[in-house]
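All remarks here apply to the structure that follows.
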(Lines give C-alpha, C1' and ligand atoms only; values in the text may rest on other atoms or scores of the structure.)
Protein backbone atom coordinates (compact mmCIF):
# COMPACT_ATOMS: atom_id res chain seq x y z
CA UNK A 1 0.00 0.00 0.00
CA UNK A 2 1.49 3.32 -1.05
CA UNK A 3 1.63 6.09 1.58
CA UNK A 4 -1.81 7.30 2.60
CA UNK A 5 -2.97 10.87 3.02
CA UNK A 6 -6.05 12.57 4.43
CA UNK A 7 -8.64 12.94 1.69
CA UNK A 8 -11.57 14.60 3.45
CA UNK A 9 -13.62 14.97 6.61
CA UNK A 10 -17.38 14.52 6.53
CA UNK A 11 -19.59 16.90 8.51
CA UNK A 12 -23.32 16.26 8.56
CA UNK A 13 -25.49 19.37 8.87
CA UNK A 14 -29.12 20.31 8.39
CA UNK A 15 -30.01 20.89 4.74
CA UNK A 16 -30.47 24.64 5.23
CA UNK A 17 -27.10 25.01 6.96
CA UNK A 18 -25.38 23.47 3.93
CA UNK A 19 -27.19 25.45 1.26
CA UNK A 20 -27.47 28.72 3.18
CA UNK A 21 -24.21 28.48 5.14
CA UNK A 22 -24.17 30.27 8.52
CA UNK A 23 -21.77 33.13 9.15
CA UNK A 24 -19.33 31.06 11.20
CA UNK A 25 -18.61 29.23 7.94
CA UNK A 26 -18.59 32.08 5.45
CA UNK A 27 -16.64 34.44 7.73
CA UNK A 28 -13.78 31.94 7.88
CA UNK A 29 -13.98 29.70 4.83
CA UNK A 30 -14.69 29.73 1.12
CA UNK A 31 -17.56 27.31 0.53
CA UNK A 32 -17.80 25.98 -3.03
CA UNK A 33 -20.52 24.00 -4.83
CA UNK A 34 -20.66 20.24 -4.60
CA UNK A 35 -23.64 18.32 -5.94
CA UNK A 36 -26.13 15.54 -5.38
CA UNK A 37 -24.85 12.03 -4.73
CA UNK A 38 -25.82 8.97 -6.73
CA UNK A 39 -29.02 7.58 -5.27
CA UNK A 40 -30.36 11.07 -4.56
CA UNK A 41 -30.25 10.83 -0.77
CA UNK A 42 -27.64 13.49 0.01
CA UNK A 43 -26.15 16.71 -1.33
CA UNK A 44 -22.97 18.50 -0.37
CA UNK A 45 -20.78 21.56 -0.54
CA UNK A 46 -17.03 21.68 -0.01
CA UNK A 47 -14.35 23.60 1.83
CA UNK A 48 -11.14 22.85 -0.09
CA UNK A 49 -7.66 23.46 1.33
CA UNK A 50 -4.23 24.15 -0.13
CA UNK A 51 -2.89 20.85 1.23
CA UNK A 52 -5.38 18.97 -0.99
CA UNK A 53 -7.72 17.86 1.77
CA UNK A 54 -11.25 19.16 2.12
CA UNK A 55 -14.24 19.28 4.41
CA UNK A 56 -17.45 17.85 3.01
CA UNK A 57 -20.55 19.63 4.29
CA UNK A 58 -23.28 17.08 3.65
CA UNK A 59 -27.02 16.96 4.28
CA UNK A 60 -29.87 14.60 3.62
CA UNK A 61 -32.03 16.19 0.92
CA UNK A 62 -34.64 18.47 2.49
CA UNK A 63 -33.88 16.76 5.84
CA UNK A 64 -36.37 14.08 4.75
CA UNK A 65 -36.06 11.05 7.07
CA UNK A 66 -36.80 8.65 4.20
CA UNK A 67 -33.40 9.45 2.72
CA UNK A 68 -31.66 8.22 5.86
CA UNK A 69 -33.01 4.70 5.39
CA UNK A 70 -30.23 2.37 4.26
CA UNK A 71 -27.60 5.13 4.17
CA UNK A 72 -24.32 4.44 5.95
CA UNK A 73 -24.67 7.70 7.90
CA UNK A 74 -28.44 7.42 8.30
CA UNK A 75 -28.26 6.94 12.06
CA UNK A 76 -25.78 9.77 12.61
CA UNK A 77 -26.60 13.07 14.26
CA UNK A 78 -25.32 16.41 12.99
CA UNK A 79 -21.61 16.97 13.49
CA UNK A 80 -18.31 15.45 12.42
CA UNK A 81 -19.43 12.12 11.05
CA UNK A 82 -16.57 10.30 9.32
CA UNK A 83 -13.25 10.83 7.57
CA UNK A 84 -11.56 9.41 4.50
CA UNK A 85 -8.02 8.61 3.50
CA UNK A 86 -6.66 7.98 0.03
CA UNK A 87 -3.41 7.03 -1.69
CA UNK A 88 -1.72 7.45 -5.03
CA UNK A 89 -2.46 3.80 -5.85
CA UNK A 90 -5.79 2.44 -7.01
CA UNK A 91 -8.60 1.16 -4.79
CA UNK A 92 -8.07 -2.55 -5.52
CA UNK A 93 -4.34 -2.51 -4.77
CA UNK A 94 -4.90 -0.46 -1.63
CA UNK A 95 -7.61 -2.87 -0.50
CA UNK A 96 -5.43 -5.96 -0.91
CA UNK A 97 -2.50 -4.54 1.03
CA UNK A 98 -4.82 -3.18 3.71
CA UNK A 99 -6.44 -6.60 4.06
CA UNK A 100 -3.07 -8.32 4.44
CA UNK A 101 -1.81 -5.85 7.01
CA UNK A 102 -4.93 -6.08 9.16
CA UNK A 103 -4.93 -9.89 9.01
CA UNK A 104 -1.40 -9.90 10.39
CA UNK A 105 -2.55 -7.69 13.26
CA UNK A 106 -5.21 -10.36 14.04
CA UNK A 107 -7.66 -7.80 15.41
CA UNK A 108 -10.73 -8.88 13.50
CA UNK A 109 -11.06 -5.51 11.77
CA UNK A 110 -11.95 -5.96 8.11
CA UNK A 111 -12.84 -3.70 5.20
CA UNK A 112 -15.41 -4.23 2.47
CA UNK A 113 -14.28 -4.58 -1.13
CA UNK A 114 -14.17 -1.26 -3.01
CA UNK A 115 -17.59 -0.06 -4.14
CA UNK A 116 -18.39 2.56 -6.75
CA UNK A 117 -19.93 5.86 -5.65
CA UNK A 118 -20.47 9.19 -7.30
CA UNK A 119 -22.34 12.45 -7.55
CA UNK A 120 -23.44 14.96 -10.15
CA UNK A 121 -22.09 18.49 -9.84
CA UNK A 122 -24.22 21.57 -10.26
CA UNK A 123 -22.78 21.97 -13.79
CA UNK A 124 -24.04 18.41 -14.64
CA UNK A 125 -20.52 16.91 -14.57
CA UNK A 126 -20.79 13.30 -13.37
CA UNK A 127 -18.11 12.15 -10.92
CA UNK A 128 -17.22 8.59 -9.96
CA UNK A 129 -15.02 7.08 -7.28
CA UNK A 130 -14.53 3.91 -5.23
CA UNK A 131 -14.90 3.75 -1.47
CA UNK A 132 -13.51 1.06 0.81
CA UNK A 133 -15.35 1.08 4.14
CA UNK A 134 -14.86 -0.86 7.39
CA UNK A 135 -17.08 -3.91 7.83
CA UNK A 136 -19.51 -4.10 10.75
CA UNK A 137 -19.32 -4.28 13.69
CA UNK A 138 -16.82 -1.43 13.27
CA UNK A 139 -18.62 1.86 13.85
CA UNK A 140 -18.65 4.58 11.21
CA UNK A 141 -16.00 7.11 12.16
CA UNK A 142 -14.13 4.79 14.52
CA UNK A 143 -11.68 4.03 11.74
CA UNK A 144 -11.37 5.85 8.41
CA UNK A 145 -12.73 4.77 5.07
CA UNK A 146 -10.80 5.12 1.81
CA UNK A 147 -11.77 7.05 -1.30
CA UNK A 148 -10.10 6.59 -4.71
CA UNK A 149 -11.16 8.50 -7.80
CA UNK A 150 -12.26 6.95 -11.08
CA UNK A 151 -12.84 10.29 -12.78
CA UNK A 152 -10.13 12.91 -12.30
CA UNK A 153 -9.72 14.02 -8.69
CA UNK A 154 -9.71 17.64 -9.81
CA UNK A 155 -13.34 17.25 -10.82
CA UNK A 156 -14.30 16.03 -7.34
CA UNK A 157 -12.01 18.44 -5.50
CA UNK A 158 -11.60 21.65 -7.54
CA UNK A 159 -8.13 22.95 -6.75
CA UNK A 160 -7.41 26.58 -7.55
CA UNK A 161 -6.50 29.83 -5.84
CA UNK A 162 -10.18 30.77 -5.89
CA UNK A 163 -11.34 27.53 -4.30
CA UNK A 164 -8.69 27.12 -1.61
CA UNK A 165 -8.11 30.68 -0.41
CA UNK A 166 -9.95 31.41 2.83
CA UNK A 167 -10.66 34.59 4.85
CA UNK A 168 -9.15 32.94 7.93
CA UNK A 169 -5.91 32.04 6.17
CA UNK A 170 -6.70 28.32 6.46
CA UNK A 171 -4.40 26.02 4.49
CA UNK A 172 -5.48 22.54 5.66
CA UNK A 173 -6.45 20.16 8.40
CA UNK A 174 -4.04 20.13 11.35
CA UNK A 175 -5.65 17.60 13.67
CA UNK A 176 -8.65 15.53 14.66
CA UNK A 177 -9.46 13.57 17.81
CA UNK A 178 -11.21 10.19 17.75
CA UNK A 179 -12.73 9.54 21.17
CA UNK A 180 -13.67 5.93 21.91
CA UNK A 181 -14.43 3.83 25.02
CA UNK A 182 -11.36 3.16 27.13
CA UNK A 183 -11.54 -0.58 26.50
CA UNK A 184 -11.33 0.02 22.73
CA UNK A 185 -8.24 2.20 22.74
CA UNK A 186 -5.55 -0.51 22.72
CA UNK A 187 -7.06 -2.50 19.84
CA UNK A 188 -7.68 0.64 17.82
CA UNK A 189 -4.09 1.78 18.24
CA UNK A 190 -2.95 -1.48 16.66
CA UNK A 191 -5.60 -1.10 13.97
CA UNK A 192 -4.45 2.41 13.09
CA UNK A 193 -0.86 1.25 12.83
CA UNK A 194 -2.02 -1.25 10.22
CA UNK A 195 -4.34 1.13 8.39
CA UNK A 196 -1.79 3.93 8.21
CA UNK A 197 1.34 1.77 8.06
CA UNK A 198 2.61 4.15 10.72
CA UNK A 199 3.73 3.87 14.32
CA UNK A 200 2.01 5.45 17.29
CA UNK A 201 4.20 8.44 18.25
CA UNK A 202 2.53 9.18 21.60
CA UNK A 203 4.63 8.54 24.73
CA UNK A 204 1.40 7.97 26.66
CA UNK A 205 0.15 4.36 26.52
CA UNK A 206 -3.46 5.50 26.95
CA UNK A 207 -3.33 7.80 23.92
CA UNK A 208 -2.57 7.00 20.30
CA UNK A 209 -1.10 9.73 18.12
CA UNK A 210 -0.53 9.24 14.43
CA UNK A 211 0.90 11.45 11.71
CA UNK A 212 -0.90 11.46 8.37
CA UNK A 213 0.40 13.10 5.24
CA UNK A 214 -1.36 15.41 2.82
CA UNK A 215 -1.65 15.32 -0.96
CA UNK A 216 0.11 18.66 -1.37
CA UNK A 217 2.90 19.96 0.81
CA UNK A 218 2.38 23.44 2.20
CA UNK A 219 5.71 25.09 2.95
CA UNK A 220 6.40 25.46 6.64
CA UNK A 221 3.57 23.22 7.80
CA UNK A 222 3.78 19.72 9.20
CA UNK A 223 1.73 16.55 9.04
CA UNK A 224 -1.84 16.06 10.20
CA UNK A 225 -2.24 14.63 13.70
CA UNK A 226 -4.88 12.02 14.51
CA UNK A 227 -5.37 11.28 18.21
CA UNK A 228 -7.18 8.11 19.30
CA UNK A 229 -8.11 8.19 22.98
CA UNK A 230 -10.77 7.76 25.60
CA UNK A 231 -12.68 10.85 26.68
CA UNK A 232 -11.85 12.83 29.80
CA UNK A 233 -14.69 15.33 30.02
CA UNK A 234 -18.06 14.24 31.37
CA UNK A 235 -19.97 15.48 28.33
CA UNK A 236 -17.67 13.63 25.96
CA UNK A 237 -17.88 10.48 28.07
CA UNK A 238 -21.67 10.58 27.83
CA UNK A 239 -21.59 10.98 24.05
CA UNK A 240 -19.04 8.20 23.62
CA UNK A 241 -21.14 5.92 25.82
CA UNK A 242 -24.20 6.67 23.67
CA UNK A 243 -22.59 6.60 20.23
CA UNK A 244 -19.51 4.40 20.68
CA UNK A 245 -17.30 7.01 18.99
CA UNK A 246 -17.01 10.78 18.93
CA UNK A 247 -15.09 12.75 16.33
CA UNK A 248 -14.20 16.16 17.73
CA UNK A 249 -11.60 18.91 18.10
CA UNK A 250 -11.12 19.41 14.37
CA UNK A 251 -8.22 21.83 14.05
CA UNK A 252 -7.51 23.78 10.89
CA UNK A 253 -4.03 25.08 10.22
CA UNK A 254 -3.81 28.77 9.35
CA UNK A 255 -1.05 31.01 8.12
CA UNK A 256 -0.20 34.20 9.95
CA UNK A 257 0.64 35.16 13.55
CA UNK A 258 0.33 32.83 16.51
CA UNK A 259 -2.96 32.76 18.39
CA UNK A 260 -3.96 31.04 21.62
CA UNK A 261 -4.01 27.68 19.80
CA UNK A 262 -0.78 28.30 17.93
CA UNK A 263 -1.39 28.61 14.21
CA UNK A 264 -4.66 26.71 14.24
CA UNK A 265 -8.34 27.48 14.59
CA UNK A 266 -11.06 25.10 15.70
CA UNK A 267 -13.65 24.21 13.10
CA UNK A 268 -16.79 24.79 15.14
CA UNK A 269 -19.60 22.67 13.75
CA UNK A 270 -22.30 24.48 15.71
CA UNK A 271 -24.83 26.37 13.61
CA UNK A 272 -27.66 28.79 14.19
CA UNK A 273 -31.17 28.15 12.97
CA UNK A 274 -32.56 31.20 11.22
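The values are calculated or read from the model by the stated rules, or taken from the named source; none is laboratory data. This structure is a prediction, so every number in the text was calculated from the model and none was measured. Reconstructed Cβ throughout: ideal geometry from the backbone, glycine too, with neighbour counts over all protein chains shown.
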Quick check: anything in the stretch 214-229 without any contact (Cβ under 8 Å) to a residue 40 or more places away in the chain and not in a loop (DSSP other than H, G, I, E, B)?
no
Would you point out which residue out of 95, 100 is at pLDDT 95 or above and either on the phi < 0 side of the Ramachandran plot or loosely packed, with under 14 Cβ neighbours inside 10 Å (or both)?
95
One residue from 26, 2 being at pLDDT below 95, over 28 Å from residue 210 (Cα atoms) and surrounded by fewer than 19 Cβ atoms within 10 Å (Cβ to Cβ)
26
Report the residue count in the stretch 114-152 for those that are more than 18 Å from the chain's Cα centre (by Cα) and crowded, with 19+ Cβ neighbours inside 10 Å.
1
Could you please give the count of residues in the stretch 45-81 that are surrounded by 16 or more Cβ atoms within 10 Å (Cβ to Cβ) and at positive phi?
2
Name, by its number, the condition in (1) under 19 Å from the mean Cα position of the chain (by Cα); (2) in contact (Cβ under 8 Å) with a residue 60 or more places away in the chain; (3) assigned by TED's automatic domain parsing to the domain that holds residue 225 that does not hold for residue 189.
(2)
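Here is a yes/no grid of residues against (1) under 28 Å from residue 246 (Cβ atoms); (2) out of contact with any strand residue (DSSP E or B) (no Cβ under 7 Å at 6 or more places or on another chain); (3) without any contact (Cβ under 8 Å) to a residue 24 or more places away in the chain:
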{"position": "105", "(1), (2), (3)": "yes, yes, no"}
{"position": "111", "(1), (2), (3)": "yes, no, no"}
{"position": "115", "(1), (2), (3)": "yes, no, yes"}
{"position": "119", "(1), (2), (3)": "yes, no, no"}
{"position": "144", "(1), (2), (3)": "yes, no, no"}
{"position": "159", "(1), (2), (3)": "no, no, no"}
